[in-house]
Amino acid sequence: MSQFQHKSALKIKRLTNGEGLELPCYQTLHSSGLDLSAAIPVNKPVVILPGQRRLIPSGFAIALEYGFEAQVRPRSGLALDHGITVLNSPGTIDADYRGEVKIVLINLGQQAFTVKRGQRIAQLVISPITTVVVEIVNKLNTTVRGTDGFGSTSKNL
């Protein structure tokens, strides 16, 4: 458990396919993400071929306090060692979603990768959000960068 102040607890509902799995947890005192495990049947590992993406269930659903989101992020070790990452990284889980948390994994490596039950496959970071009011204007304020796009900050600034 982190030493930082918590606004509230993360409410988790264990689903049938998550029975016997470790709940999402921080691996070290200062971890920012809770590790997520694969809730797939023991006798049905999921093979992800190079270039292929698969949706992996976590075995739980969450209830976030309004004003927060959960971000599903890759695990650096899987990315470095096997080329496995979260495709829509970070994947956002909104505060009003109550379905099972699932992770979209993609294999960017050169070898097939097998996901096994209980394997840590991603991490979940809880973050505050800010909502805005959209306002139409006729003119935007000017900046040094202006309308220069991709790669422009490394060229002339």
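The values are calculated or read from the model by the stated rules, or taken from the named source; none is laboratory data. The structure presented is a predicted model; accordingly, all values stated were derived computationally and were not measured. Neighbour counts run over all protein chains shown; Cβ positions are idealised from the backbone, glycine included. We work out accessible area using only protein heavy atoms, side chains counted, and drop any ligands, DNA or RNA first. Shrake-Rupley method; radii C 1.70, N 1.55, O 1.52, S 1.80 Å.
I'd like the residue in the stretch 92-126 that is small (Gly, Ala, Ser), open to solvent by 20 Å² or more (accessible area, probe 1.4 Å) and closer than 24 Å to Lys11 by Cα and, out of all such residues, is farthest from the chain's Cα centre (by Cα).
Gly118
Any residue that is under 11 Å from Ile126 (Cβ atoms) and either modelled with pLDDT of 95 or more or under 13 Å from the mean Cα position of the chain (by Cα) (or both) - is there at least one of those in the stretch 36-46?
Within the stretch 36-46 (the criterion being under 11 Å from Ile126 (Cβ atoms) and either modelled with pLDDT of 95 or more or under 13 Å from the mean Cα position of the chain (by Cα) (or both)), the answer is no, since none of the residues qualifies.
So how many residues does the stretch 42-68 have that are of a type in the set (D, E, K, R) and part of a strand (DSSP E or B)?
First, the residues of the stretch 42-68 that are of a type in the set (D, E, K, R): 44, 53-54, 65.
Still in the running and part of a strand (DSSP E or B): 53-54.
Residues meeting the conditions: 2.
Condition check: out of contact with any helix residue (DSSP H, G or I) (no Cβ under 9 Å at 6 or more places or on another chain) and either part of a helix (DSSP H, G or I) or over 25 Å from Thr130 (Cβ atoms) (or both). Does Thr28 satisfy that?
So Thr28 passes the test.
Under 7 Å between Cβ atoms, at least 6 apart or on separate chains: pull out the pairs that start in the stretch 136-152 with a residue that is in a loop (DSSP other than H, G, I, E, B) and end on any residue that is surrounded by 10 or more Cβ atoms within 10 Å (Cβ to Cβ) and not hydroxyl-bearing (Ser, Thr, Tyr).
Hits for this filter: zero, empty list.
Quick check: anything in the stretch 26-35 open to solvent by 60 Å² or more (accessible area, probe 1.4 Å) and touching a residue at least 60 places away in the same chain (Cβ under 8 Å)? Steps first, answer last, please.
Residues of the stretch 26-35 that are open to solvent by 60 Å² or more (accessible area, probe 1.4 Å), as a first pass: 26-30, 32.
Restricting the remaining residues to those that are touching a residue at least 60 places away in the same chain (Cβ under 8 Å) gives 32.
Looking for residues that are open to solvent by 60 Å² or more (accessible area, probe 1.4 Å) and touching a residue at least 60 places away in the same chain (Cβ under 8 Å), one finds at least one in the stretch 26-35, hence yes.
Could you name every one of the strands (runs of 3 or more DSSP E) located completely within the stretch 69-113 that has at least 3 residues being touching a residue at least 12 places away in the same chain (Cβ under 8 Å) and closer than 18 Å to Ser127 by Cβ?
Fully inside the stretch 69-113 and qualifying: 91-93.
Name every residue in the stretch 57-67 that is open to solvent by 20 Å² or more (accessible area, probe 1.4 Å) and either under 20 Å from Ile40 (Cβ atoms) or at pLDDT 95 or above (or both), in order of residue number. It would help to see each step written out before you state the result.
Step one: of the stretch 57-67, the residues open to solvent by 20 Å² or more (accessible area, probe 1.4 Å) are 57, 63, 65-67.
The answer is Pro57, Ala63.
Is there any pair with a first residue in the stretch 114-129 that is part of a loop (DSSP other than H, G, I, E, B) and a second that is open to solvent by 30 Å² or more (accessible area, probe 1.4 Å) and among the hydrophobic types (A, V, I, L, M, F, W, C) whose Cβ atoms are under 7 Å apart and which are 6 or more apart or on different chains, and what are they?
Qualifying pairs under 7 Å: Arg117/Val42; Ile129/Phe68.
Being in contact with a Gly (Cβ under 8 Å, 6 or more places away or on another chain) and surrounded by fewer than 20 Cβ atoms within 10 Å (Cβ to Cβ) is the filter here; which residues of the stretch 74-91 pass it?
Here is the first cut: in the stretch 74-91, the ones in contact with a Gly (Cβ under 8 Å, 6 or more places away or on another chain) are 82-84.
Once the filter is applied, which keeps residues that are in contact with a Gly (Cβ under 8 Å, 6 or more places away or on another chain) and surrounded by fewer than 20 Cβ atoms within 10 Å (Cβ to Cβ), the stretch 74-91 yields His82, Gly83.
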